[in-house]
Amino acid sequence: MLRNALRKNLGLRGQLEKNLLGDQGDVWEAELKKFLRKQTCWASKPKADKAKAKTAKITPPPPLVIDRTHPFDPSTFIGQGWTIWKGEASGNGLSGEEEQDKRSLIITELDASKLTKEGNFLTGLEGNESVIVGEKKLARLIVKAIQADAKIAEALYKEEGQKTLRFLYDTLGVTWMEFLGTVLRGPGGGRFALCLCRLGSGGWGWCCDWLDSGRDAGNPALGLASPLVSEAQPS
């Protein structure tokens with residue numbers, strides 16, 4: 001029975017491999033990853049219902065507090081063997097300074113009502129690009145805006161009722177965001193970014209996306225600037 005099932009899908013698997021290895025392989029990889037996460041793939045982003053938006057005002061949640069007394073711990077949040085990348089990207093990630101956006105590490109509050117789709121959910125795409133590799137996206141965006149770190153992702157995910165994430169979906173249509181302000185090291189030595197994604201149930205889950213894989217316009221990174229956040233004051 002198993003062999004028959006495998007034979008039945010042989011052509012489908014072959015076509016998938018052909019597409020992944022073709023000129024549009026990066027696009028196919030990005031969409032396949034969405035499929036594996038049970039996200040909508042190969043679909044245009046839904047347009048906001050302008051009439052509904054005019055008649056229903058959504059009350060924003062209070063600013064989200066980011067507890068900096070307890071730094072982000074990958075081994076606790078993600079699992080054993082996960083750490084924050086240390087040192088140069090070309091190294092093994094085990095020694096040196098942690099690769100985090102220090103500007104983000106002093107942020108203690110996030111006011112979602114001040115975020116905009118164009119100004120804060122950044123794709124890193126330029127010109128006619130439809131897909132960008134994570135490492136290239138990181139290099140582009142880190143010089144353009146503060147890249148939100150993994151502690152902000154943890155606070156958003158663990159917030160009671162995930163009110164801030166639900167507000168961002170309801171008002172901006174955001175269904176995905178990654179946090180390039182913290183580069184993670186996986187158990188196998190790869191470089192990853194923590195991501196939050198909206199599930200079919202309406203709740204939000206998390207995943208770790210390899211920085212050597214492709215991202216498209218549906219995979220923005222959360223970028224911040226000082227007018228949108230509250231920063232810890234130096235003692």
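If you go through region 119-137, how many residues are surrounded by fewer than 23 Cβ atoms within 10 Å (Cβ to Cβ) and within 12 Å of the chain's Cα centre (by Cα)? Number satisfying all stated conditions: 3. Of the residues Lys114, Lys151, Lys163, Lys158, the single one that is closer than 25 Å to Thr69 by Cβ and in contact with a helix residue (DSSP H, G or I) (Cβ under 6 Å, 6 or more places away or on another chain) is Lys114.
Tell me, which residue of region 88-105 that is part of a strand (DSSP E or B) and either among the charged types (D, E, K, R) or under 21 Å from the mean Cα position of the chain (by Cα) (or both) is nearest to Glu178 (Cα to Cα)? Selected residue: Gln100.
Taking region 106-136 only, how many residues are small (Gly, Ala, Ser), out of contact with any Ser or Thr (no Cβ under 7 Å at 6 or more places or on another chain) and either not assigned by TED's automatic domain parsing to the domain that holds Ala89 or not in a loop (DSSP other than H, G, I, E, B) (or both)?
Going through region 106-136 one residue at a time, the tally reaches 2.
Here Lys54 passes the criteria (1) farther than 21 Å from Val133 by Cα; (2) at pLDDT below 95; (3) part of a loop (DSSP other than H, G, I, E, B); (4) not hydrophobic (A, V, I, L, M, F, W, C) except the one numbered (3). If the condition is being part of a loop (DSSP other than H, G, I, E, B) and of a type in the set (A, V, I, L, M), then region 137-155 contributes Ile142, Val143, Ala145, Ala148.
The single condition among (1) touching a Cys at 6+ places or on another chain (Cβ under 8 Å); (2) part of a loop (DSSP other than H, G, I, E, B) that Gly189 does not meet is (1).
Quick grid of which residues meet (1) assigned by TED's automatic domain parsing to the domain that holds Ala225; (2) modelled with pLDDT of 75 or more; (3) among the β-branched types (Val, Ile, Thr):
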site	(1), (2), (3)
Gly25	no, no, no
Pro61	yes, yes, no
Pro71	yes, yes, no
Thr83	yes, yes, yes
Arg103	yes, yes, no
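Remark: Ala221 falls outside the filter, which requires a residue to be buried (at least 19 other Cβ atoms within 10 Å of the Cβ), at pLDDT 95 or above, small (Gly, Ala, Ser) and touching a Pro at 6+ places or on another chain (Cβ under 8 Å).
The values are calculated or read from the model by the stated rules, or taken from the named source; none is laboratory data. Note that the coordinates shown come from a computational prediction; the quantities given were computed from them, not determined experimentally. In this analysis, Cβ positions are derived from the backbone assuming ideal geometry, glycine residues included, and neighbour counts consider all displayed protein chains.
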